[in-house]
Amino acid sequence: QVQLVESGGGLVQPGGSLRLSCAASGIIFSSDAMGWYRQAPGKQRELVSTIRTGGITNYSDSVKGRFTISRDNAKNTVALQMNSLKPEDTAVYYCYLRRGLVNYWGQGTQVTVSS
């Protein structure tokens, strides 16, 4: 069984930065894709960023150039560095791990961007 625990959310002013971290426990393979989704109030959950085998990354257009995903396979962690935050980045951010057709999810961490 895979468990994911996020940390690092909080309140930040527009233009500020936050770093989210996700620690995975259980049997983790370097071939598992990991990443982040987010869900704002009244909206569907959207993919923010993914990191795959070989360090291949992708980002949604809304965060490209502002967010950076990274992964430490030795520690089974994935991080999301978020810079130049905007009020529209406000959401609950969920860490996920994808193995084949199965997704595992963290409990989510709130990010609020407001002055």
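What to note about this one:
- Kirkwood analysis of the Cα pair distances in the chain returns a hydrodynamic radius of 14.0 Å.
- Cα-based reach from K43 at 16 Å (exclusive), listing aspartates and glutamates while leaving out same-chain residues under 8 positions away: E88, D89
- Here the Karplus curve 6.51 cos²θ - 1.76 cosθ + 1.60, taken at θ = phi - 60°, turns the phi angles of the stretch 98-112 into couplings of 10, 10, x, 9, 9, 10, 10, 10, x, 7, x, 9, 7, 10, 10 Hz, with x standing for Gly and Pro.
- Around S115: net Lys/Arg minus Asp/Glu count, Cβ-Cβ under 14 Å: -1
- Working note: Karplus 6.51/-1.76/1.60 with θ = phi - 60° gives the stretch 85-93 the couplings 5, 10, x, 6, 7, 4, 4, 8, 9 Hz, where Gly and Pro are set to x.
- For the chain, averaging the sequence separation of C-alpha pairs within contact (under 8 Å, six or more residues apart) and dividing by the residue count gives a relative contact order of 37 percent.
Just so you know, all these numbers are worked out from the coordinates, no wet-lab data involved. Just so it is clear, the structure is predicted and the values come from calculations on it, not from any experiment. Because the Cβ atoms are built from the backbone with ideal geometry, glycine has one as well, and the counts that use them run over all protein chains shown.
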